[in-house]
Amino acid sequence: MTTQDLIFAAQWVFLTYFLLLNAGYIGLNLVSLLGMREHFQGRRVESLPKVYSEHEMPISILVPAYNESATIVTSVRALLQLRYPEYEIVVVNDGSSDDTLKKLIDEFALVPFPEAYRQRIATQRVKTIYRSTIHPNIRVLDKDNGGKADSLNAGINAARYPLFCGVDADSVLQPDSLYRVLQPFLDDPDTVACGGTIRIANGCRVRDGFIEKIGLPESTLALLQIVEYLRAFLFGRLGWSPLNALMIISGAFGLFKKEVVVACGGYRTDTLGEDMELVVRLHRMLRQQKKRYRITFVPDPICWTEAPEDLRTLGRQRIRWQRGLAESLTLNQSLMFNPRGGTVGWLAFPFIFLFEFLGPLLEVGGYLFVGVAFWNGWISYEAFLAFLLCAICLGMLLSTSALMLEEISFHVYPGFRNTVLLFGAAIFENFGYRQINALWRLIGLLKWLVGSKAHWGEMNRGGEWSREQKAGGQPSPAADHSGSH
Amino acid sequence: MWDFVASSDRAIQFALYSSLVAGVMTMLLFVWVVILRVRLLAQERRRKAFIEQWRPLLTRIALAPDAASEDDEGQPLPELPKASLMNFLNEWNVLHDILRGSAGLRLNALARRMEIDKAAWTLLNHGRLSDQLIAIATLGHLGEVGAWDRLLELLHSEHTLISLMAAKALINIDADRAIPLVLPLVTQREDWAAARVSSLLQEAGPAATSKPLQQAILDGTPEEAARLIGFLPTVHRSIAGKVVHEMLQRSVDDRVTAVCLRVADSPLELPQVRHLVNHPRWHIRMRAATVLGRIGYRQDKRLLERLLCDTEWWVRYRAAQALTGLPFMDKKELNRIRKRLDDRFGRDMMDQVIAERAA
């Protein structure tokens, strides 16, 4: 085989990869479009038989908190205002070194409580359980540091209700979030988990823990992430949901059937992507056990989170997410092409493996190949431009189709100016942002390969509701692996 | 440009054509997004104008009998643009859901005067899914007897929302006639969420629901009975009590027993419930403990004390809650029970529940 043959073959490999990737996402886009149509046709009619409130299952909201002193009180106060008939809030203080616990004790008049704590999932030692003397539905678990997954497991052990909802301490929820995310559990008793759309709160006005006014951020980086989140959630997730092949429910907000999660062993504490790993494991185990189940997604924007506005923090976040994805897939690799794997084992898992797990390698490899080949004169200037143009145009198409889904569904960003700005971001992100993202993900993949020790690092946040810099011990925003496609 | 495409190799041509298609589609999508935004803004304006003009009018007509006759005789109604028909139907149906009695009759009189019935038929036969749904709701609220057969057909539609809406409409037209037709579907259709079925049965009212539901539970298979018993709170208490009593006596199936215990609240069930605290399945023991807390007598204290030493956390928790909730139980007595317990888990549970009660 001559060099020319190799170059020719490589051209076709990368071109086919890009086309397959984009065709796959356009296919998901179409599934999302159909799902969305169904979702909204019913919603336009206000006179549907209402949900009779006695059937709404009570929910335990679990809030893992590590050094969240700056925001924890506002977050819990906001949770207290959620519209839902019966729920409890279990804050898990994961050995914070700041005064998170003291703030909670002072604000909610917590007292130690002699609870018959049942350790169904092994966790770090729970030192004390507190209960609020003002709000009987607030409890706080003070435990030794063990990470977010460990805190969630402790919360599950303490949860009283059949459904639990893991919430990041800095998430901003919609007042009716619980109602919306519960809907699939009411409509289909086989539902074991449900996630919702996470939106970026940068640029929005937040008051008392709720979004008061929706807007776009001034930071270009945050604006680009908005388009990325739209793409990830509106068809990255909504597309898989009708096929019962959703492989991630964001750690920032997700509702789970407690007993099913306990039976699967709870969250794994040795992975960076505990949210995705749990969902993939649920698929694997429930399919192995031949159980009927649904893991689903509601497209409603129910949770808002702050996105990093500097490249360093964003890069660290993306590297973490890619490592989490790699761990989640490899720990559950037996699901892929498993005879009992169904749509998730035969379609979603291979798709994510090829385009998300190996994606950065092929993408960065593709760009490098074209660059090197052009530099060495192996390919012509025209070929160089044609391949670059193809990658960019297909990327623009995908991002714009996400905008279209947003426009026919929630159109949360009001006014023409915002529409134009978002379109601008959808175009602009293809000139550098997506490429650097692919590079970060490749670094994540390499770090996972060499098995370097995981650490969360520091998250720099500049949100309007919490200007403090927070030393991170917890992953904050949703792990969102399909975000870069 | 085209010369270049023709002279390049196939991979480059392919890449260029793909880029061209993607680029054109991107622009088309953007134009579509803009059109959607323009349409949305127009819809919002229309809705706002509609609400400002029609909401007070509809409320006035629904609540004040004189207003309707006034409008009938003298004041002509404002014109309803075709584009605002869906807004009107939504508003009119929501008012119907909220209001009862003569208000509904006045809303119907207004709708007939505006020929809304004809519009509803057109939407039902030619509209999109959302149009059909609202048309079904409208025909139901109008009490359109002539729509009965068509609604019956839609009741069996495979589409969940269409079938549920048809059930609601049939109930609105004639609940007594509709319930015996709807109930068999409640057990057959897994896509009918229990929460929505409860709402339907509530809408039908206990008079229409009680007897057919009783019959369906008593005659049904254990699976059917287990699903239907959950709806007993929507019927007359006396009938619900009879059904629960009968089903507990039969004790045919653990699922049925568990659902019966969830709604049991009559002392007549005590002998059976006392027996069930020894059941091998823990969730039945747990529910029996809860029922004893609701209807138990002084003598049931011993049974509950025994359940405090159960191997299952939830049984111990419910037993402790039941004990603290008994009307004759005071703090001293609870502490005495706690001290009497040999089992550490039972004592821990009593500590927790006593603390909960104190809080």
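The values are calculated or read from the model by the stated rules, or taken from the named source; none is laboratory data. A quick note: this is a predicted structure, and the numbers were derived from the prediction, not measured. Cβ coordinates were reconstructed from backbone atoms using ideal geometry, including for glycine residues, and neighbour counts include every protein chain displayed. These accessible areas exclude ligands, DNA and RNA; they are computed on the full protein's heavy atoms, side chains included. Shrake-Rupley method; radii C 1.70, N 1.55, O 1.52, S 1.80 Å.
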Residue check: is A:LEU230 crowded, with 24+ Cβ neighbours inside 10 Å and closer than 24 Å to A:ILE61 by Cβ? no
Among the residues of segment A:99-126, the number that are more than 20 Å from A:GLY266 (Cα to Cα) and more than 14 Å from chain B (Cβ to nearest Cβ) is 9
Tally the residues that are over 21 Å from B:GLN299 (Cα atoms), within 35 Å of the chain's Cα centre (by Cα) and more than 9 Å from chain A (Cβ to nearest Cβ), restricting the search to segment B:322-359. 1
Scan segment A:1-19 residue by residue and report those that are facing another protein chain (nearest Cβ under 9 Å), open to solvent by 20 Å² or more (accessible area, probe 1.4 Å) and more than 29 Å from the chain's Cα centre (by Cα). A:PHE8, A:TRP12
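Quick grid of which residues meet (1) in a helix (DSSP H, G or I); (2) without any contact (Cβ under 8 Å) to a residue 24 or more places away in the chain; (3) facing another protein chain (nearest Cβ under 7 Å):
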| site | (1), (2), (3) |
| --- | --- |
| A:GLU363 | yes, no, no |
| A:PHE374 | yes, yes, no |
| A:LEU389 | yes, yes, yes |
| A:MET396 | yes, no, yes |
| A:LEU403 | yes, no, yes |
Among the residues of segment B:305-319, is there at least one that is open to solvent by less than 90 Å² (accessible area, probe 1.4 Å), more than 14 Å from chain A (Cβ to nearest Cβ) and at pLDDT below 90? no
Of the conditions (1) within 12 Å of chain A (Cβ to nearest Cβ); (2) touching a Pro at 6+ places or on another chain (Cβ under 6 Å), B:ILE179 clears all except one; give me its number. (1)
Restrict the check to segment B:111-134 and report whether at least one residue is buried (at least 23 other Cβ atoms within 10 Å of the Cβ) and in contact with a Lys or Arg (Cβ under 9 Å, 6 or more places away or on another chain). yes
Could you tell me whether any residue of segment B:193-201 is part of a loop (DSSP other than H, G, I, E, B) and in contact with an Asp or Glu (Cβ under 6 Å, 6 or more places away or on another chain)? yes
Within segment B:31-46, of all residues that are open to solvent by 40 Å² or more (accessible area, probe 1.4 Å) and at the interface with chain A (Cβ under 9 Å from one of its Cβ atoms), the one farthest from A:LEU19 (Cα to Cα) is B:LEU41
Those residues that are closer than 25 Å to B:ASP254 by Cα, buried (at least 18 other Cβ atoms within 10 Å of the Cβ) and more than 14 Å from chain A (Cβ to nearest Cβ), I need them from segment B:196-227; list them, please. B:SER210, B:PRO212, B:LEU213, B:GLN214, B:ALA216, B:ILE217, B:GLY220, B:GLU224, B:ALA225
Listing of helices (runs of 4 or more DSSP H) fully contained in segment A:138-241 that carry 2 or more residues being within 30 Å of A:ILE26 (Cα to Cα): A:177-187, A:220-231
Go through A:ILE427, A:ILE443, A:ILE408 for me and flag whichever is open to solvent by 30 Å² or more (accessible area, probe 1.4 Å) and more than 26 Å from A:LEU311 (Cβ to Cβ). A:ILE408
Looking at (1) assigned to a helix (DSSP H, G or I); (2) closer than 30 Å to A:CYS204 by Cα, find the lone condition where A:ALA307 falls short. (1)
Looking at A:ARG268, A:ARG284, A:ARG294, which is the one that is modelled with pLDDT of 95 or more, under 22 Å from A:LEU163 (Cα atoms), open to solvent by 20 Å² or more (accessible area, probe 1.4 Å) and in contact with a strand residue (DSSP E or B) (Cβ under 8 Å, 6 or more places away or on another chain)? A:ARG294
Count - residues of segment A:146-177 that are at pLDDT 95 or above and of a type in the set (Asp, Glu): 1
Can you tell me which residue in segment A:101-135 is most open to solvent (accessible area, probe 1.4 Å), limited to those that are at pLDDT 95 or above and polar (S, T, N, Q)? A:GLN124
Inter-residue pairs, beta-carbon under 6 Å, first closer than 23 Å to B:GLU223 by Cβ and in segment B:174-189, second open to solvent by 60 Å² or more (accessible area, probe 1.4 Å) and assigned to a helix (DSSP H, G or I), 6+ apart: B:THR187/B:GLU224; B:THR187/B:ARG227
Just a yes or no: is a residue in segment B:273-281 within 14 Å of chain A (Cβ to nearest Cβ), under 25 Å from A:TYR117 (Cβ atoms) and not hydrophobic (A, V, I, L, M, F, W, C)? no
Please identify the pairs in which a residue from segment B:203-215 that is farther than 25 Å from B:VAL94 by Cβ has its Cβ atom under 8 Å from the Cβ atom of a residue that is in a helix (DSSP H, G or I) and basic (Lys, Arg), counting only partners at least 6 apart or on another chain. B:GLN214/B:LYS242
Here is a check on your reading of the model: is A:GLY203 on the phi > 0 side of the Ramachandran plot, out of contact with any helix residue (DSSP H, G or I) (no Cβ under 6 Å at 6 or more places or on another chain) and at pLDDT 90 or above? yes
